[in-house]
């Protein structure tokens, strides 16, 4: 559980603190999963509006909700302009609070496999140090790698986590940039660039630019990893700037081969 005052989050959103702010245990976007002590963030989609389920969240014990609508008297409702953007900000605040080393992974294919490989290596590292892997390592569950899944993954962080391996996917330009800025990875990995989503991203070069966005939120001394045998290195470098780089590949020129 988070066990932290709502004021920690709303002050981070630039809003005034509350006199009797509740303690928040979890941040939830699905009203069906709300439990006592949760902060409910209703999101809007093409065919739904989470605001329609505020009553359900309250009836299940929500401690507070964010809302784009006018707050109701007598309830701990915090008004924001955009709940999706607020979700990103809350996840970023919590990620900074936990100070975990975050490894972000993307690629046109194989990113889930790479995520699991990294998790396996870190599990062995934990065991070698006599640490409980379940307490020091957090990994994206399934394919929760989009604008909702990545924040929800970050909300599962706890201060005792040493590492988090976070998968990032996309279907349009700009999506991974937001995810990276939210997660602020210490290490960011591009597995490959293939023709997935090529029709939505102005060709294969557009796919490469979209994948390179994973470096946008990389910490100042964070490490950018990508395959050396790629024609997209200049595109990657546009996002990496002066940060350290580690190349992988089969040639002798690769740092890791």
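The values are calculated or read from the model by the stated rules, or taken from the named source; none is laboratory data. The structure displayed is predicted, hence computed values, not measured ones. Note: ideal-geometry Cβ built from the backbone for every residue, glycine included; neighbour counts use all protein chains shown.
So is residue 196 in contact (Cβ under 8 Å) with a residue 60 or more places away in the chain, within 22 Å of residue 242 (Cβ to Cβ) and over 11 Å from the mean Cα position of the chain (by Cα) or not?
no
Can you pull out every residue in the stretch 79-92 that is surrounded by fewer than 17 Cβ atoms within 10 Å (Cβ to Cβ) and under 18 Å from the mean Cα position of the chain (by Cα)? Spell out how you get there, then give the answer.
Pass one, the stretch 79-92, residues surrounded by fewer than 17 Cβ atoms within 10 Å (Cβ to Cβ): 79, 81-82, 85.
Answer for the stretch 79-92, where residues must be surrounded by fewer than 17 Cβ atoms within 10 Å (Cβ to Cβ) and under 18 Å from the mean Cα position of the chain (by Cα): 82, 85.
Quick grid of which residues meet (1) at pLDDT 95 or above; (2) out of contact with any helix residue (DSSP H, G or I) (no Cβ under 8 Å at 6 or more places or on another chain):
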site	(1), (2)
60	yes, no
76	yes, no
85	yes, yes
110	no, yes
116	yes, yes
130	yes, yes
153	yes, yes
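Do you know which of the residues in the stretch 128-150 that are surrounded by 12 or more Cβ atoms within 10 Å (Cβ to Cβ) and more than 14 Å from the chain's Cα centre (by Cα) is nearest to residue 164 (Cα to Cα)?
137
Residue 89 passes all but one of (1) more than 30 Å from residue 193 (Cα to Cα); (2) at pLDDT 95 or above; which number fails?
Among (1) more than 30 Å from residue 193 (Cα to Cα); (2) at pLDDT 95 or above, the lone unmet condition for residue 89 is (1).
Out of the residues in the stretch 203-220 that are touching a residue at least 24 places away in the same chain (Cβ under 8 Å) and assigned to a loop (DSSP other than H, G, I, E, B), which is nearest to residue 257 (Cα to Cα)?
The first filter runs over the stretch 203-220 and keeps only residues touching a residue at least 24 places away in the same chain (Cβ under 8 Å), leaving 205-219.
Adding the requirement that they be assigned to a loop (DSSP other than H, G, I, E, B) leaves 216-219.
Values: 216: 26, 217: 26, 218: 23, 219: 25 Å.
Filtering the stretch 203-220 for residues that are touching a residue at least 24 places away in the same chain (Cβ under 8 Å) and assigned to a loop (DSSP other than H, G, I, E, B), the one nearest to residue 257 (Cα to Cα) comes out as 218.
Between a residue in the stretch 1-22 that is closer than 17 Å to residue 85 by Cβ and any residue that is in a loop (DSSP other than H, G, I, E, B), which pairs come within a Cβ distance under 6 Å, given they are 6 or more apart or on different chains?
From residues that are closer than 17 Å to residue 85 by Cβ, the pairs are 11/17.
Among the residues of the stretch 202-210, is any assigned by TED's automatic domain parsing to the domain that holds residue 146, closer than 20 Å to residue 92 by Cα and surrounded by 17 or more Cβ atoms within 10 Å (Cβ to Cβ)?
Taking the stretch 202-210 and keeping what is assigned by TED's automatic domain parsing to the domain that holds residue 146, we get 202-210.
Adding the requirement that they be closer than 20 Å to residue 92 by Cα leaves none.
Within the stretch 202-210, none of the residues are assigned by TED's automatic domain parsing to the domain that holds residue 146, closer than 20 Å to residue 92 by Cα and surrounded by 17 or more Cβ atoms within 10 Å (Cβ to Cβ).
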